[in-house]
1. Under the rule a/c < 1.5 gives rounded, and otherwise a/b versus b/c splits prolate from oblate, where does chain A land using the Cα gyration tensor?
2. What base-10 log of the normalised intensity I(q)/I(0) is obtained for region C:6-102 from the Debye formula, alpha carbons as equal point scatterers, at q = 0.22 Å⁻¹?
3. For a paramagnetic label modelled at 7 Å from the Cα of residue C:172 toward its Cβ, which residues of region C:120-147 fall within the zone defined by backbone nitrogen distances under 16 Å?
4. Just grab the label-to-label distance for residue A:244 and residue B:178, each label 7 Å out from Cα along the Cβ direction, in nm (one decimal).
5. Could you tell me what % of all Cα pairs in region B:161-263 have separations over 23 Å?
6. Let me check against my output: what whole-number percent is the relative contact order of region A:125-279, with C-alpha pairs under 8 Å and at least 6 apart?
7. Once you have a ≥ b ≥ c as the square roots of the Cα gyration tensor eigenvalues for region A:1-153, tell me rounded if a/c is under 1.5, and otherwise prolate or oblate according to whether a/b is larger than b/c.
8. Sort chain B into rounded, prolate or oblate with this rule: let a ≥ b ≥ c be the square roots of the eigenvalues of the Cα gyration tensor; rounded if a/c is under 1.5, and if a/c is not under 1.5, prolate when a/b is larger than b/c, oblate otherwise.
Amino acid sequence: MAIIEFNDFKWHYYETEEHDLTGVDLKINKGEFVGLVGPTGSGKTALCYSVMGVIPHLSQGRVLGGSVVVDGLDTQEHSIGDLSRSVGIILQSPLSQLTGAGLTIEEEVAFGLENNGVPRSEMIDQIKHVLKRVGLYELRKRSPFEVSGGQQQKIAIASVLALEPKILILDEPTGYLDPGGTEAVFSLVKKLNNQGKTIIMVTHKLEYLARYADRIIIFNKGNVVRDGKPQEVLSDVHLFKANNLTPLPVTRLGHALKLKRKWKGDLPITVKDAVRGLK
Amino acid sequence: MAILQTNYVKRDSIIHSLNPMVKFAWVLVVVFLFLLSSSMNLFIIVNVIILIFAFIGKIGKAFIKGLAFMIGPIFLFSLIIHGFFNPFGTGSQEVLFSFLTINITWGGIMNGLFFGFKITALISVFYLFILSTYPGRMVNSLRAMGLPYKIGFLVNATLQIVPLMLRDAETIIDAQRARGLETKGKVWQRFKAFIPLIGPIILGSVMRVYERTIALEVRGFSAKGKKTSFYVEKIKARDKVLTIISLIFIPVYIMLRVVGWLS
Amino acid sequence: MARKTKIKVKMAKKKSFAQELKKEFSTFGLALIPIAIGINWAGAFLASSLKLPLWLDVIGTMIAAVLAGPWVGFVAGGLTNLVKNFTFDPIGAVYGIVNAVVGLVVGYMYKKGYYTEKSNWVEVFGTGLLLAFIATIISAPITVYFFGGVTGAGADLITAMILGTGETTGLLTAVFGSELVTDVLDKVLSVFIVFAVMKKIPARMLRNK
């Protein structure tokens with residue numbers, strides 16, 4: 001049984017720049033690392049929101065048909081609060097995710113636990129555990145507004161992890177971060193994936209997906225365009241062009257060489273592949 | 001901590017270590033008197049008491065310095081408005097001094113002094129609170145007393161978000177100045193400058209409220225059921241006692257007023 | 001029979017008011033309040049940096065009122081001065097009620113359609129004047145009866161001047177006059193700024209009434 005199931009899900013936004021969801025059929029299994037790629041406004045965020053329950057409960061729009069079932073719960077029948085015990089979401093802007101409810105990092109992380117009525121003794125252990133996991137334990141008494149963007153994203157991750165969701169959705173989490181911060185976030189996410197968490201990551205950083213993802217979905221105009229293993233999807237240069245996306249530099253290099261008959265076999269998606277192929 | 005910068009002065013004193021609820025009780029009492037009393041003597045006594053507390057709290061110097069700055073203009077204007085013109089027309093009409101069409105009466109001066117002391121009492125008690133209470137502690141102690149969590153959230157979030165936005169405002173002023181925005185000079189120019197400064201601040205922050213709403217929802221902000229609390233503020237017995245003693249002044253005052261002993 | 005119906009209608013009205021409040025103070029409304037307060041402070045800060053003789057501390061309140069509702073605006077306005085009061089400006093607190101009422105009025109004017117993104121210049125200007133008038137009506141008596149007409153600010157000079165002319169019938173009028181002048185400039189400028197903002201914000205945010 002898939003942990004996330006989209007059954008011909010159709011969602012209509014009343015007004016926004018994002019595309020409606022036009023009958024999405026998708027199954028994601030427990031423990032998969034799924035990369036979600038697509039041009040701006042294609043509906044990737046809508047897809048993420050649909051797993052989280054933000055669609056249909058918070059967003060301005062209407063379900064036209066179909067359903068989304070997450071960890072056995074139908075998103076239309078359960079509140080975001082219920083779903084938050086199975087799914088967590090990390091958004092792009094580190095600052096917007098700081099609730100401001102806590103004056104220290106540990107209080108910020110405590111917020112979600114407090115809202116869910118977790119007893120205090122459990123809370124203390126859980127916060128310690130989760131802060132250590134993301135590497136922020138030493139900074140726990142600092143103000144969340146006084147640390148770097150990358151660390152703020154880690155706070156967001158910790159806050160979400162505290163509720164022990166099985167699924168983690170990240171919507172362009174490194175958009176505002178520098179390369180160091182980006183690397184930190186990606187390796188943390190991969191670590192969590194190795195520990196059994198299901199990951200859906202929306203990003204343009206294809207080189208990371210090439211290394212870490214089990215599966216890549218190209219998403220456009222509100223629906224899935226291609227869904228497969230990184231090697232097959234990322235090397236399909238024509239597909240990328242057709243959807244207004246830029247393939248990886250190494251892949252484009254390989255493609256150009258292939259046209260000149262200087263390349264044999266599958267196109268490279270990592271630098272390692274490229275080096276091997278050039279030998 | 002990046003909390004709203006106040007005039008908090010860190011000292012090691014009894015006043016500082018008191019739970020904020022005690023000092024808050026003092027504020028309530030003075031506000032109450034401010035609204036109801038018309039006795040200048042009472043306000044003078046209040047001012048003296050607060051001054052004493054300030055010195056007990058080892059912030060006497062800072063207190064006087066800051067206060068003088070604020071009450072200087074107040075006494076000045078009060079004496080001018082009431083002394084020169086005596087709009088309330090109360091008190092002794094005995095003319096002390098006269099120039100042009102203005103008669104300075106004793107009653108007017110007394111009124112001027114009265115309002116001066118009254119306002120000073122109000123400012124003093126708040127200033128004492130401000131100087132001796134760490135803002136973060138104030139919110140947490142209110143929460144420990146049972147303040148609904150949504151209100152606690154509002155105050156905490158405000159205390160942290162506002163300084164952030166003020167910093168943004170400073171950055172924007174510098175950035176726009178560097179681009180040639182005229183911020184000094186004629187009044188009209190300065191007015192025009194306001195809009196390109198406040199505009200980006202408003203739009204930027206409002207756009208992000210939607211994301212913040214999602215972040216809150218996802219952490220169970222509107223979940224039903226009992227909430228627990230991570231922070232526990234210690235309330236000592238002496239804090240409870242002092243609070244009650246302070247608040248008793250209110251009913252005592254009312255009684256004395258009714259009986260006619262006070263005004 | 002008529003009495004029972006009257007009571008039922010009253011109960012229904014009460015119930016739906018409570019529901020309306022709940023709707024306003026949704027997560028969005030609550031998340032908006034600290035931001036609105038921040039905008040109020042930023043406005044005041046910029047006003048003093050630019051040495052403008054106005055308060056400009058109601059812009060955030062108005063935005064909150066328009067985006068989330070009159071009572072959210074009310075809380076945002078009231079809380080602005082309360083926080084200011086406990087951090088460094090003790091006098092301001094009492095006038096929090098003015099800020100709060102501005103929020104309330106703007107919110108209802110938006111709801112009833114008198115002041116929306118579709119209004120014309122005259123309507124916006126009129127709203128500004130109305131707010132200035134209401135603000136002064138509330139704040140002037142406070143200044144006179146509690147503070148004896150003294151605010152410690154430049155307006156006091158105007159008050160003294162008006163009294164000096166000997167034409168007026170009392171302190172209240174003098175204070176009213178001085179505060180009205182400042183208030184008109186302040187509120188009219190603010191409503192126009194908020195009006196411009198309303199036009200720029202994507203429609204989907206404005207639905208949150």
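Read-outs throughout are calculated quantities, based only on the coordinates presented, and are distinct from any laboratory measurement. The structure displayed is predicted, hence computed values, not measured ones. Cβ atoms come from the backbone with ideal geometry, glycine included; neighbour counts cover every protein chain shown.
1. Oblate, because a/c is 1.5 or more while a/b does not exceed b/c.
2. -1.02
3. What the label zone holds, given the 16 Å backbone N cut-off, is C:134-147.
4. For the pair residue A:244/residue B:178, the computed spacing is 3.3 nm.
5. Cα-Cα pairs of region B:161-263 separated by over 23 Å account for 65 percent.
6. 14
7. In terms of gyration-tensor shape, prolate.
8. Oblate.
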